[in-house]
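Have a look at the structure below, then the notes.
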Amino acid sequence: MRIIGFAGDHAGFELKEITRKYVESLGYLSKDFGAYSAESSDYPDYAHPLASAVESGQVELGMAFCGTGNGISITLNKHRTIRSAICWLPEIARLARAHNDANILVLPARFITPDEMKAIVNVFLNTAFEGGRHLRRVEKISANI
């Protein structure tokens, strides 16, 4: 059974909960790294545990949420093997998986609807990395410094 990890701050809480339930309805298991309410919180407190879970293989993929998606994505991408991508359209999600091998989908909670989320999530979960010329590029992402 595939396990998807979830994380988001207060601004992303409502969409995170809707998305987590939707992903579970598709037959996936979920692991929630918080936030656990809409009370003001800091996205790094949830992003780092999610990123670590993806890196360790505890979860296969991740989904993260904040108001714009920017703050949590920046935090996630501080982890060497994480490739998080902010997606607000299904085509961006497809390209993030197919070309960039994105392993965490970031959704800008203040800018998409639950119906838009479903379309984006479906594409993200059902698109494979194409490899080929894209593999060479993905292998160059992590800085060796």
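The values are calculated or read from the model by the stated rules, or taken from the named source; none is laboratory data. Quick caveat: nothing in here was measured; it's all calculated off a predicted structure. In this analysis, Cβ positions are derived from the backbone assuming ideal geometry, glycine residues included, and neighbour counts consider all displayed protein chains. What goes into the accessible areas is simple: the full protein's heavy atoms, side chains included, and nothing from ligands, DNA or RNA. Shrake-Rupley method; radii C 1.70, N 1.55, O 1.52, S 1.80 Å.
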Report task. Taking only the stretch 1-10 into account, find how many residues are surrounded by 15 or more Cβ atoms within 10 Å (Cβ to Cβ) and over 15 Å from the mean Cα position of the chain (by Cα). Result -> 1
Report task. Specify the residue that is modelled with the lowest pLDDT; the eligible residues are those in the stretch 128-145 that are under 15 Å from R97 (Cβ atoms), in a loop (DSSP other than H, G, I, E, B) and not acidic (D, E). Result -> G131
Report task. Residues being aromatic (F, W, Y), out of contact with any Lys or Arg (no Cβ under 9 Å at 6 or more places or on another chain) and open to solvent by less than 80 Å² (accessible area, probe 1.4 Å): count how many of those fall in the stretch 15-42. Result -> 1
Report task. Filter the stretch 68-123 down to the residues that are basic (K, R) and without any contact (Cβ under 8 Å) to a residue 40 or more places away in the chain, then identify the one that is farthest from K21 (Cα to Cα). Result -> K78
